[in-house]
Amino acid sequence: MFKRNVISVLEDWKSNERRKPLILRGARQVGKTTIINEFGRSFSNYLYFNLENYEHRKLLETEIPFDDLVNLLFAHSGKIRQKGDTLLFIDEIQNSPKTIALLRYFYEEHNNLHVVAAGSLLENIVDVNTSFPVGRVQYLPIRPCSFSEFVGAMGFDNLLEIMYDEKYSVPLHNRLMSLFNQYVIVGGMPEAVQVYSVSRDVLALDDIYETLLQAYRDDVNKYVQKDKLSRAVRFILEHGWLKAGQTVTLNGFAGSGYKINEIGNAFRLLQKAMLLELTYPTTSAESPILTETRRQPKLIWLDTGLVNYAAGIRMEIIGSQDIMGTWKGRVAEHIVAQELLTLNNRIGQRRAFWTRGKGGESAEVDFIWQVDSKVIPIEVKAGVDSHLRSLHSFVEHSSVDMAVRVWSGQFSVNNLNTVIKKKPFRLINLPFYMIGNLENIIHKYI
């Protein structure tokens, strides 16, 4: 299995004396169990319990003194406790509210034990009476693979540092863009990346994508009890992929008869499960970013590879010379949205876009991203600088003097003046493969 970047975050958590039990957040099949199994190799003792297993669940719900419970876990695992540190991984923890409540005691009474828990969010969020101990656990999102992880999986570790270098990446630009285009087609679901790294065959991934989509549908059938809500969720999972990257109207979404409250509840369920995100606009160009949730949002799914397969547009991408022109530019915007979420490990991180429609002027910037106290506009667009009118408009209505254009061209920086007010600003032209280094580049030029 290839290395995931989140391992370094887990290593920092491991060495932190003030650590709390760690809850992994993420959709099904983004690699939570595989990551922790790999992380467990760095411990003297590694215990794994899956609470879909009745015996494992019964064991952790045993009402005995806490120290005795830890000894019992070792005895049940058949392992002899070695000197050194211990990692306890509790998978599918949503199946046992008692075990969820037990996490606070791991923190308060047995902090020398490293405890990680994970669960299928589409399951545990339905039971609103189950909550994790507030203030006694911490959370870590696990997302689909980033482009840098894809490059490593493909066996090109030698390119990982070079691709972020503004000077040395230029001679390798075409090769890096070719790799990025492959990433756009495959996406970041770990099993798809792993199989593609061996086969180099996109069609070999069909069964993986189909199994994933069916698993999400099966979750609905099993865990959503209200029939009207389950129908709305299934409708989104069936038809929503075609709306990826688009601004959507919730009332009557995708030609359905669902009212805004019905489809809105279904979207909220899927968003909490981290399968998708509704990104909302803001009209402010300053920090903090306050989105307007009464306006129409854009629909962003968890993975572009899944979108390509489910929406039936994969062959269009394979036959394209430049992803900027594929599916009216929505694929390019979608993959940028996916990459942006890999820049940090904040659970509450949300993507947003900027709009302006006052005084006869209409403008929209694809993304805005906060770095420290600065709100940076990001446009996914080819073309000459004068055509980036939305970026010019944002800069004119903000205190920033920097903007980012993500494109298929090479890295460069232009010193420009806005079209109307002639305000000077710096335009960073960022190749797709450098999105993972976005914040470092902004700090360099800010």
If A75 satisfies every condition in (1) assigned to a helix (DSSP H, G or I); (2) open to solvent by less than 20 Å² (accessible area, probe 1.4 Å); (3) of a type in the set (A, V, I, L, M) but one, which is the exception?
(2)
Do we find that L391 is in a helix (DSSP H, G or I) and under 23 Å from V331 (Cα atoms) in this structure?
yes
Of the residues in region 50-60, how many are out of contact with any Asp or Glu (no Cβ under 7 Å at 6 or more places or on another chain) and either closer than 17 Å to V116 by Cα or not in a loop (DSSP other than H, G, I, E, B) (or both)?
7
Could you check region 397-422 and list, in sequence order, the residues that are aliphatic (A, V, I, L, M) and touching a residue at least 40 places away in the same chain (Cβ under 8 Å)?
V400, M402, V406
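So that you can scan it fast, the table gives a plain yes or no per residue for (1) hydroxyl-bearing (S, T, Y); (2) under 21 Å from R136 (Cα atoms):
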{"site": "P65", "(1), (2)": "no, yes"}
{"site": "A75", "(1), (2)": "no, no"}
{"site": "G78", "(1), (2)": "no, no"}
{"site": "T86", "(1), (2)": "yes, yes"}
{"site": "E92", "(1), (2)": "no, yes"}
{"site": "A101", "(1), (2)": "no, yes"}
{"site": "Y105", "(1), (2)": "yes, yes"}
{"site": "E109", "(1), (2)": "no, yes"}
Region 403-446, residues that are closer than 25 Å to G325 by Cα, of a type outside the set (A, V, I, L, M) and part of a strand (DSSP E or B):
R405, W407, S412, N414, N429, P431
Looking only at region 16-61, filter to residues that are open to solvent by less than 50 Å² (accessible area, probe 1.4 Å) and hydroxyl-bearing (S, T, Y); which one of those is modelled with the highest pLDDT?
Y46
Please find, among V186, V224, the residue that is hydrophobic (A, V, I, L, M, F, W, C), closer than 28 Å to Y433 by Cα and in contact (Cβ under 8 Å) with a residue 24 or more places away in the chain.
V186
Tabulated pairs, region 426-438, first closer than 24 Å to S393 by Cβ and modelled with pLDDT under 95, second open to solvent by less than 10 Å² (accessible area, probe 1.4 Å) and part of a helix (DSSP H, G or I), C-beta under 7 angstrom, 6+ apart or interchain
none
Counting only residues that are more than 24 Å from the chain's Cα centre (by Cα), within 23 Å of R231 (Cα to Cα) and acidic (D, E), region 258-294 contains a total of 1
Of all the helices (runs of 4 or more DSSP H) wholly in region 254-348, which have at least 1 residues that are more than 28 Å from G409 (Cβ to Cβ)?
260-272, 304-311
Does G360 satisfy being more than 17 Å from T282 (Cα to Cα) and at pLDDT below 85?
yes
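Being among the charged types (D, E, K, R), out of contact with any His (no Cβ under 8 Å at 6 or more places or on another chain) and open to solvent by less than 20 Å² (accessible area, probe 1.4 Å) narrows it down to one of E339, E364, E396, E439, so name that one. Spell out the reasoning first.
Numbers: E364 fails: open to solvent by less than 20 Å² (accessible area, probe 1.4 Å); E396 fails: open to solvent by less than 20 Å² (accessible area, probe 1.4 Å); E439 fails: open to solvent by less than 20 Å² (accessible area, probe 1.4 Å).
None of the other options fit; the residue is E339.
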If a residue has to be in a helix (DSSP H, G or I), within 21 Å of Q349 (Cα to Cα) and of a type in the set (G, A, S) to count, how many in region 4-41 make the cut?
1
Go through (1) assigned to a loop (DSSP other than H, G, I, E, B); (2) open to solvent by less than 40 Å² (accessible area, probe 1.4 Å) for S148 and report which single condition fails.
(1)
Matching residues in region 282-326 - criterion: being aromatic (F, W, Y) and open to solvent by 40 Å² or more (accessible area, probe 1.4 Å):
Y309
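For residues that are surrounded by fewer than 17 Cβ atoms within 10 Å (Cβ to Cβ) and in contact with a helix residue (DSSP H, G or I) (Cβ under 7 Å, 6 or more places away or on another chain), scanning just region 78-105, find the one that is nearest to G135 (Cα to Cα).
Y105
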Which condition number does V413 fail, the rest of (1) under 25 Å from the mean Cα position of the chain (by Cα); (2) farther than 15 Å from K381 by Cβ being met?
(1)
Would you please name the residue that is nearest to D303 (Cα to Cα), looking only at residues in region 247-270 that are open to solvent by 50 Å² or more (accessible area, probe 1.4 Å) and among the polar types (S, T, N, Q)?
T247
In region 153-160, is there at least one residue being at pLDDT 95 or above and farther than 24 Å from L340 by Cα?
no
Would you check if A352 is buried (at least 19 other Cβ atoms within 10 Å of the Cβ) and within 19 Å of S284 (Cα to Cα)?
yes
Every pair of residues 6+ apart whose Cβ atoms lie under 6 Å, when the first sits in region 106-124 and is open to solvent by 20 Å² or more (accessible area, probe 1.4 Å) while the second is modelled with pLDDT of 85 or more:
Y107/K20; Y107/P21; Y107/R136; N124/Q94
Looking at region 219-246, which of its residues are part of a helix (DSSP H, G or I) and open to solvent by 70 Å² or more (accessible area, probe 1.4 Å)?
N221, K222, D227, K228, R231, R234, E238, H239, L242
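The values are calculated or read from the model by the stated rules, or taken from the named source; none is laboratory data. Owing to the predicted nature of the structure, the values given are computational and were not obtained by experimental measurement. So basically every Cβ, Gly included, is an ideal-geometry build from the backbone, and we count neighbours across all protein chains shown. SASA here: full protein model, heavy atoms, side chains in, ligands and nucleic acids out. Shrake-Rupley method; radii C 1.70, N 1.55, O 1.52, S 1.80 Å.
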